[in-house]
Each structure stands twice: as C-alpha cells, then as structure tokens.
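Just so you know, all these numbers are worked out from the coordinates, no wet-lab data involved. Bear in mind that the values here come from a model prediction, so they are computed numbers and not experimental data.
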Amino acid sequence: EKGFTKQSSVFPFFVDSERFQPLTLSEKRLQQKQKGLKPFVIGFMGRWTPEKGCSLLMRVLESLPADLPWSALIMG
C-alpha cells in the first residue's frame, strides 16, 4: 500500500499446540510444590516499572494476613 516493492513474508502469531498444552490441575500442583510455592499463588509477569503498578502489588502483598497461605511469583 505504501510502495514497498521488495519481497516480504507475513509471520502470523503461532504457538505449537503439540508442544505447549495446558497442565492438568495435578501437574500444576506438583510444579508449585517443586518450586516451594504455597497453594494460592499471586503472579506478576512484566517489566518492573512504576506504571505497571508494582508498588501497589507489593503494598497489597504486605497487607495480607500472616495466617493466609500464599506465594508470590514475580517474573520480569
């Protein structure tokens, strides 16, 4: 549309559904146990920046009752 004349390819979003499949509940629990996570897991995945609300997440985690079993799994 904008005049580009060289050969190009379109790569659609793709996930190999043979390789990546949802885990069963028992498989999820086994992985959590192997990683030392408690039954209720609160997760965050993304860049650790103020606009993502990371400080709010930390304040909420700090305010949870001490007797409540939970783990935080943070990847960024």
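Close amide H partners of Ser71, meaning residues 5 or more places away or on another chain with modelled amide H under 5 Å apart, are Lys38, Phe40, Val41, Ile42. Against the chain, whose longest principal axis is taken from its Cα atoms, helix 54-63 shows a tilt of about 20°. What separates the Cα centres of the range 38-72 and the range 1-31 is a distance of 28 Å.
Taking the C-alpha atoms only, the angle from helix 25-34 to the longest principal axis of the chain is near 70 degrees. Which label marks the calculated value of Rg/Rh (Cα atoms, Kirkwood Rh), given the options (i) 1.21; (ii) 0.95; (iii) 0.93? Only one listed value fits the structure, namely (i).
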